[in-house]
Every structure is written in C-alpha cells, then in structure tokens.
1. Limited to the range 101-112, what total is found for residues that are surrounded by 12 or more Cβ atoms within 10 Å (Cβ to Cβ) and out of contact with any helix residue (DSSP H, G or I) (no Cβ under 9 Å at 6 or more places or on another chain)?
2. Being touching a helix residue (DSSP H, G or I) at 6+ places or on another chain (Cβ under 7 Å) and part of a loop (DSSP other than H, G, I, E, B) is the filter here, so list the residues in the range 24-44 that pass it.
3. Working only within the range 11-37, note down all residues that are buried (at least 18 other Cβ atoms within 10 Å of the Cβ), closer than 24 Å to residue 56 by Cα and touching a residue at least 40 places away in the same chain (Cβ under 8 Å).
4. Can you run down the residue pairs with Cβ atoms below 7 Å, 6 or more apart or on separate chains, where the first is in the range 64-92 and at positive phi and surrounded by fewer than 16 Cβ atoms within 10 Å (Cβ to Cβ) and the partner is assigned to a loop (DSSP other than H, G, I, E, B) and modelled with pLDDT of 95 or more?
5. If you scan the range 1-27, which residues turn out to be within 14 Å of ligand 2 (Cβ to nearest atom) and either under 10 Å from the mean Cα position of the chain (by Cα) or modelled with pLDDT under 95 (or both)?
6. If I ask for residues that are within 13 Å of ligand 1 (Cβ to nearest atom), touching a strand residue (DSSP E or B) at 6+ places or on another chain (Cβ under 7 Å) and assigned to a loop (DSSP other than H, G, I, E, B), which ones from the range 65-112 would you list?
7. Can we say residue 32 is more than 9 Å from ligand 2 (Cβ to nearest atom) and in contact with a strand residue (DSSP E or B) (Cβ under 9 Å, 6 or more places away or on another chain)?
8. Among the residues of the range 5-23, is any under 21 Å from residue 87 (Cα atoms), in contact with a helix residue (DSSP H, G or I) (Cβ under 8 Å, 6 or more places away or on another chain) and outside any loop (DSSP other than H, G, I, E, B)?
Ligand code: 5GP
Ligand code: ZN
C-alpha cells in the first residue's frame with residue numbers, strides 16, 4: 001500500500017527510531033505516548049486490521065517484539081499491556097495492523 005503511513009514506516013520512507021525488529025515486524029515509539037513506555041509493533045506486510053490478517057505467524061513475531069521492548073524498557077516485571085484496536089468501535093485510527101505496547105504506570109480495567 002503506497003500511501004499507507006505505516007507501510008511508509010515499514011519501508012523506511014519515514015524514519016523512526018527502531019526499537020526492535022525481526023523478519024515479520026518492527027517496533028518503534030508511538031508519536032503521542034499515553035504511558036512512559038508506548039511502542040507500536042507493525043507487520044512489514046500490509047494488513048488493514050486484525051480481521052484482515054492471513055498469516056498468523058506474523059502475530060507471534062509481533063508479540064516476540066513486544067516482549068523484547070518490554071524487557072528493554074524495564075517493564076517486563078512491573079507489567080505491561082499489549083493492545084490491538086481493530087475496527088472503528090475499538091478506536092482504530094491507522095488502518096495498518098499494529099500492536100500497542102504500554103507500560104511504566106498502573107493501568108485500569110476495563111478500558112474505556
Ligand atoms: P490506533 O488508534 O489506530 O490503535 O493507534 C494509532 C497510533 O498510531 C496512535 O497511538 C498514534 O499516536 C500513532 N501514530 C499516528 N501517526 C503516527 C506516526 O506518524 N508515527 C508514530 N510513531 N505513531 C503514529
Ligand atoms: Zn500499510
């Protein structure tokens with residue numbers, strides 16, 4: 001998807017601070033962090049949302065990076081949350097699948 005923001009980031013057309021990467025995915029800081037650690041993990045391939053994912057190995061690769069980011073930012077033991085907003089009701093705003101990695105402060109449940 002040429003005009004997709006996260007495809008541009010995945011291709012390196014828009015520079016980001018890459019926190020972790022593997023064959024299927026990469027992680028970088030969210031532009032508007034809502035927690036002391038707030039990273040996004042995106043697949044290199046374009047899937048608009050979780051419902052469009054066809055290769056579920058990608059999801060494992062994304063979660064491996066989430067754990068790596070949590071470890072590297074020191075929140076593995078204190079706790080962290082991984083969130084995929086999929087579709088309008090969930091609040092998805094960028095329609096390239098992404099996993100939020102959030103931590104560094106206590107969080108509430110249920111989410112809003
Ligand atoms: P969503 O609401 O779709 O689950 O999350 C989209 C996330 O992407 C938001 O947290 C937003 O701050 C982040 N975001 C939007 N544009 C950019 C950008 O250009 N760079 C980065 N690093 N994050 C972005
Ligand atoms: Zn894309």
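The values are calculated or read from the model by the stated rules, or taken from the named source; none is laboratory data. The shown structure was predicted, so the numbers you read here are calculated from the model rather than taken from an experiment. No Cβ is skipped: glycine too gets one built from the backbone with ideal geometry, and neighbour counts run over all protein chains shown.
1. Number satisfying all stated conditions: 4.
2. 24, 44
3. Answer for the range 11-37, where residues must be buried (at least 18 other Cβ atoms within 10 Å of the Cβ), closer than 24 Å to residue 56 by Cα and touching a residue at least 40 places away in the same chain (Cβ under 8 Å): 19, 20, 25, 27.
4. From the range 64-92, the pairs are 87/49; 91/85.
5. Answer for the range 1-27, where residues must be within 14 Å of ligand 2 (Cβ to nearest atom) and either under 10 Å from the mean Cα position of the chain (by Cα) or modelled with pLDDT under 95 (or both): 1, 2, 3, 25, 26.
6. Residues satisfying the conditions are 84, 96, 97, 98.
7. So residue 32 passes the test.
8. There is no residue in the range 5-23 that is under 21 Å from residue 87 (Cα atoms), in contact with a helix residue (DSSP H, G or I) (Cβ under 8 Å, 6 or more places away or on another chain) and outside any loop (DSSP other than H, G, I, E, B).
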